[in-house]
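Some notes on the structure that comes next.
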Amino acid sequence: MKLQPALADLLRQAYSAEKAAAFAYQGHAGAVKNKAEKAAIHQIEIDEWNHRREVLAIMGLYGIKPSRWYEIRFHVVGKIISGSCYVIGWFMPFYFAGRLESGNVCEYFRMKQYFNAIGIHEHDPVLYEMGIKEKEHEVYFGEQIKDNRLLPFFEKLFGWSSASSFNNIDLDNKYPVEKSDSYCHK
Ligand SMILES: [Fe+2]
Ligand SMILES: [Fe+2]
């Protein structure tokens, strides 16, 4: 079965972007001093490598190969972000990680919508789990900075805080996978 080009591209992009995220978290974990923060960010890095594997497994079922261009581009992006964590202080890596995760949540719910539109439901649980996991990442980063004095300023400039998320998922009242259709519709 041939997937919609937009879905195939979403998968290729997510596959490569997960690598960028994993690299970025290596730098982020390396740059923070606090042991608990280090461990939490390292766990998030592991989550991203797992996502990359899951996305590749789905791609394989439809004969979709990773994009060389995305692989190179996101490799460089990830390494740059990783290195920058050592020089831009404590706050910004948390802020931009939270902001990025906030956008990533809907990537997986959008993929689910694409698959469902052509009658494929077998990936629903995995895509749902990945979307929810990204939400957990967003919430973690948001929690770390919620009382920081820089937050109001960054929120104005870059449009994100845990109070103004880019997605409509509420972990405290989340829908089960079969009712998750209302997520990420614009
Ligand atoms: Fe991820
Ligand atoms: Fe994530």
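For the range 92-104, what does the Karplus curve 6.51 cos²θ - 1.76 cosθ + 1.60, with θ = phi - 60°, yield as ³J(HN,Hα) per residue in whole Hz, taken in order and with x for Gly and Pro?
Karplus-based 3J(HN,Hα) across the range 92-104 equals 4, x, 5, 4, 6, 5, x, 5, 5, 4, 4, x, 5 Hz.
Please identify the cysteines of the chain that lack any partner cysteine with a Cβ under 4.7 Å from their own Cβ.
Isolated Cys, the chain: Cys85.
Would you tally the net charge around Ile72, using a Cβ to Cβ cut-off of less than 13 Å, leaving Ile72 out, and scoring K and R as +1, D and E as -1? Could you put the intermediate results ahead of the total?
Numbers: positive: Arg12, Lys19, Arg68, Arg73, Lys79; negative: Glu71.
Summing Lys and Arg as +1 and Asp and Glu as -1 gives +4.
Ranked from highest to lowest mean number of other Cβ atoms within 10 Å per residue, what is the order of the peptides 128-137, 18-27, 147-156?
Per-residue Cβ counts within 10 Å, averaged per peptide and sorted highest first, yield 18-27, 128-137, 147-156.
Charges at C-beta only: +1 for Lys and Arg, -1 for Asp and Glu. How large is the resulting dipole of the chain about its Cα centre, in Debye rounded to 20? Numbers along the way, then the final one.
Numbers: 23 positive and 23 negative charges, 130 e Å.
With Lys and Arg at +1 and Asp and Glu at -1, about 620 debye.
Sorted from fewest to most neighbouring beta carbons within 10 Å, what does the list Trp69, Trp90, Trp160 look like?
Numbers: Trp69 10, Trp90 17, Trp160 22.
The most exposed by this proxy come first: Trp69, Trp90, Trp160.
On a 0 to 90 degree scale, rounded to 10, what angle separates helix 5-31 from the longest Cα axis of the chain?
20 degrees
Could you size up the charge dipole of the range 131-177 around its Cα centre, putting +1 on the beta carbon of Lys and Arg and -1 on that of Asp and Glu, and report it in debye to the nearest 20? Walk me through the numbers before you get to the answer.
Details: 6 positive and 8 negative charges, 23 e Å.
It works out to roughly 120 debye.
Note the angle between two axes, namely the Cα long axis of helix 68-84 and the longest principal axis of the Cα atoms of the chain, as a number of degrees from 0 to 90, rounded to the nearest 10.
That works out to roughly 20 degrees.
Angle, helix 35-61 long axis vs. longest principal axis of the chain, Cα atoms, 0 to 90°, nearest 10?
Between the helix axis and the principal axis of the chain, the angle is about 20 degrees.
Please tell me which of these pairs span more than 29 angstrom C-alpha to C-alpha: Lys2/Lys179; Lys35/Lys146; Lys38/Lys79; Lys38/Lys65; Lys33/Lys135; Lys65/Lys133? Don't skip to the end; give the middle numbers.
Values: Lys2/Lys179 26 Å; Lys35/Lys146 20 Å; Lys38/Lys79 18 Å; Lys38/Lys65 34 Å; Lys33/Lys135 24 Å; Lys65/Lys133 24 Å.
Correct reply: Lys38/Lys65.
Given the C-alpha centroids of the range 160-174 and the range 36-94, what is the distance between them in whole angstrom?
The two parts, judged by their Cα centres, are 22 Å apart.
No lab work stands behind these numbers, since they all come straight from the coordinates. All values derive from a computational prediction rather than experimental measurement. Ideal geometry is used to build each Cβ from the backbone, glycine not excepted, and the neighbour counts take in all protein chains shown.
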